[in-house]
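J.: Have a look at the structure that comes next, please.
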Amino acid sequence: GNSVTQMEGPVTLSEEAFLTINCTYTATGYPSLFWYVQYPGEGLQLLLKATKADDKGSNKGFEATYRKETTSFHLEKGSVQVSDSAVYFCALRGSGNTGKLIFGQGTTLQVKP
Amino acid sequence: KAGVTQTPRYLIKTRGQQVTLSCSPISGHRSVSWYQQTPGQGLQFLFEYFSETQRNKGNFPGRFSGRQFSNSRSEMNVSTLELGDSALYLCASRLQGSDYGYTFGSGTRLTVV
């Protein structure tokens, strides 16, 4: 079945450091891929998405490229801020008209001033 | 534009009781999904509704049920509560056929004592 694997956290960085959170997936067909962010005490917010191979999703300085050859969708940001501290989830939606999202286990990011 | 509204935000119940959680989707969104979030299991898909019909169901026991009304509002019910049902329950809505991903509510924090 479909699955998502994220790098384990927590990830601790200093402000302005470069961020990479790895995400790989297993899926049949052509899934859509997403990154969601969760701040303490809140629900999930869509950060970015990509719906086909080689698509690059970007938002608020974050980027991720849908790599079908390596089944990956790594999240990157060139310079993190303290306000980026949160839990990040990689997710996929399978082919077809399903609305079911499959999530990775989440990666906690802590950015120190 | 109002977001996804979940009520109540917090709930404490006793083992053996039942509980009903409510979700009002974004206006115009007819697809609603429910997820359970726990520290141990992460985010797990419960079910998806569209036009009052359940379209997908996750791997949860029959104690977990849901429904959707003609105005797209949805409820989920958990009967005979167990301690392990303590979790954050998240509702999400989307425009059917859209690949913009789901918009999540802030969740209902259920504690079973």
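The values are calculated or read from the model by the stated rules, or taken from the named source; none is laboratory data. Everything numeric here is computed off the predicted structure, so don't read it as measured data. Cβ placement follows ideal geometry from the backbone for every residue including glycine, while neighbour counts extend to all protein chains displayed.
J.: Looking at A:K68, A:K60, can you tell me which residue is more than 22 Å from B:Y35 (Cβ to Cβ) and touching a strand residue (DSSP E or B) at 6+ places or on another chain (Cβ under 9 Å)?
T.: Values: A:K68 fails: touching a strand residue (DSSP E or B) at 6+ places or on another chain (Cβ under 9 Å).
Only one candidate qualifies: A:K60.
J.: May I ask you to verify whether B:L90 is surrounded by 15 or more Cβ atoms within 10 Å (Cβ to Cβ) and within 10 Å of chain A (Cβ to nearest Cβ)? Before the answer, list the steps.
T.: On the way: surrounded by 15 or more Cβ atoms within 10 Å (Cβ to Cβ): yes; within 10 Å of chain A (Cβ to nearest Cβ): yes.
Against the criterion (surrounded by 15 or more Cβ atoms within 10 Å (Cβ to Cβ) and within 10 Å of chain A (Cβ to nearest Cβ)), B:L90 qualifies.
J.: Hey, another quick one. For residues that are farther than 24 Å from B:V112 by Cα and within 11 Å of chain A (Cβ to nearest Cβ), scanning just segment B:14-47, find the one that is surrounded by the most Cβ atoms within 10 Å (Cβ to Cβ). Don't jump to the end; show me each part of the working.
T.: First, pick out the residues of segment B:14-47 that are farther than 24 Å from B:V112 by Cα: B:25-32.
From what is left, the residues that are within 11 Å of chain A (Cβ to nearest Cβ) are B:29-32.
Numbers: B:H29: 19, B:R30: 17, B:S31: 23, B:V32: 28.
Among them, the one singled out is B:V32.
J.: Considering only residues that are charged (D, E, K, R) and assigned to a strand (DSSP E or B), look in segment B:57-96 and name the one that is modelled with the lowest pLDDT. Show your work before the answer.
T.: Filtering segment B:57-96 for residues charged (D, E, K, R) gives B:57, B:63, B:67, B:73, B:75, B:82, B:85, B:94.
If we keep only those that are assigned to a strand (DSSP E or B) as well, we get B:57, B:67, B:75, B:94.
Working: B:K57: 93, B:R67: 97, B:E75: 98, B:R94: 89.
Applying the filter and picking the extreme gives B:R94.
J.: I'm trying to understand the selection: among the residues of segment A:101-112, which are surrounded by 19 or more Cβ atoms within 10 Å (Cβ to Cβ) and within 21 Å of B:P39 (Cα to Cα)? Steps first, please.
T.: Taking segment A:101-112 as the starting set, the residues that turn out to be surrounded by 19 or more Cβ atoms within 10 Å (Cβ to Cβ) are A:101-104, A:106-107, A:109, A:111.
The answer is A:L101, A:I102, A:F103, A:G104, A:G106, A:T107, A:L109.
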